[in-house]
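Chemist: I am attaching a structure below and will ask some questions about it afterwards.
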Amino acid sequence: MIMSDQPPTDPIRIQFVCLGNICRSPLAEAVFRDQVEQAELEDYFEIDSSGTGRWHVGENADRRMRQTARKHGLSLEDHTASQFSREDLARYDHIFVMDKNNLNDVLHLDENDTYNGKVRLFREFDPEPGNFQVPDPYHGGQEGFENVYSIVERTAQSILDRLVEEYDLSASS
Ligand code: 4NP
């Protein structure tokens, strides 16, 4: 077989999932995308996020999360909230959920247990995993958003490192 340096035509499809898709998962999407771009690996990935709930569909990211992201040099201004669907279970290769409620809600859509191998708690990959859940900052103060940022930054990097190894990825020259 002739090995090619070209990135594959079929991207690795990554989906981050929380409840509302206005706080945690939009941040995870933006942070992971930034890390992928820093590593010059963007040709390998399709990256998106969604929420298990439908209440915020069509809305921008939460103002406090946008502020926190901006403080760290990232923009969430183009984000529009969407709802996770059964079709997403088939479409995405890796589905990272923010907490155990998200995990139950996503797995509930997987009626025949076909896809449960690709659904993981995001913080399984956190070097400091705590209780394995990203706390929901929505009803709390600004410090909760900063805490989410710290968790997301180190965990997204750890996920990228694992994927680079798993798929043997290298930056396109
Ligand atoms: P997210 O945060 O799941 O991180 O987007 C939340 C957003 C909205 C609500 C809860 C959490 N809510 O109850 O409306």
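Chemist: Measure nothing but the geometry: give the 0 to 90° angle between the long axis through the Cα atoms of 24-38 and the longest principal axis through the Cα atoms of the chain, rounded to 10°.
Modeler: 30
Chemist: Tell me the Kirkwood hydrodynamic radius of segment 95-167 in angstroms, computed as one over the mean inverse distance between distinct C-alpha pairs. Before the final figure, lay out the partial values.
Modeler: Numbers: mean 1/r = 0.0754 Å⁻¹.
When all Cα pairs of segment 95-167 are included, the Kirkwood radius is 13.3 Å.
Chemist: For segment 83-89, take each phi angle, set θ = phi - 60°, evaluate the Karplus expression 6.51 cos²θ - 1.76 cosθ + 1.60, and give the result in whole Hz per residue in order, putting x for glycine and proline.
Modeler: Result, rounded to whole Hz: 9, 5, 10, 4, 4, 4, 4.
Chemist: So, one more: What distance in nm separates the simple spin-label points at residue 124 and residue 112, each placed 7 Å from Cα in the Cβ direction?
Modeler: According to this spin-label approximation, the distance is 2.2 nm.
Chemist: Per 5 Å bin, what is the whole-percent P(r) computed from every C-alpha pair distance within segment 3-105?
Modeler: Whole-percent P(r) values from 0 Å outward: 2, 13, 22, 23, 19, 12, 5, 2, 1, 0.
Chemist: Where does segment 127-171 land on the Kirkwood hydrodynamic radius, alpha-carbon pairs, in angstrom?
Modeler: 12.0
Chemist: Put a dot 7 Å past each Cα toward the Cβ at residue 166 and residue 40; how far apart are the dots in nm?
Modeler: It is 2.5 nm.
Chemist: Could I ask something else about it? Could you derive backbone 3J(HN,Hα) for segment 61-72 from the dihedral phi with the Karplus parameters 6.51, -1.76 and 1.60 (θ = phi - 60°), listing whole Hz in sequence and x where the residue is Gly or Pro?
Modeler: Per-residue couplings from phi come out as 4, 3, 4, 5, 6, 4, 4, 4, 4, 4, 4, 9 Hz.
Chemist: Considering Cα pairs under 8 angstrom that are at least six residues apart, work out the relative contact order of the chain and quote it in whole percent. If you can, show how the numbers build up before the last one.
Modeler: On the way: 291 pairs, mean separation 45.0, N = 173.
Computed over the chain, the figure is 26 percent.
Chemist: Taking a cut-off of 24 Å, what percent of all Cα-Cα pairs in the chain are separated by more than that? Could you put the intermediate results ahead of the total?
Modeler: Details: 4978 of 14878 pairs.
For the chain, the share of Cα pairs beyond 24 Å comes to 33 percent.
Chemist: Taking the Cα centre of the chain as the origin, how large is its charge dipole in debye, to the nearest 20, when only Lys and Arg (+1) and Asp and Glu (-1) carry charge on their Cβ atoms?
Modeler: 660
Chemist: Given H placed on each backbone N at 1.01 Å, which residues far from residue 97 in sequence or on other chains put an amide H within less than 5 Å of it?
Modeler: Placed amide hydrogens put 17, 120, 121, 122 under 5 Å from residue 97.
Every number in this text was worked out from the coordinates using simple rules, so none of it is lab data. Every value quoted in this text rests on a predicted model; they were computed, and no experiment measured them. Glycine also receives a Cβ, built like all others from the backbone with ideal geometry; neighbour counts cover every protein chain displayed.
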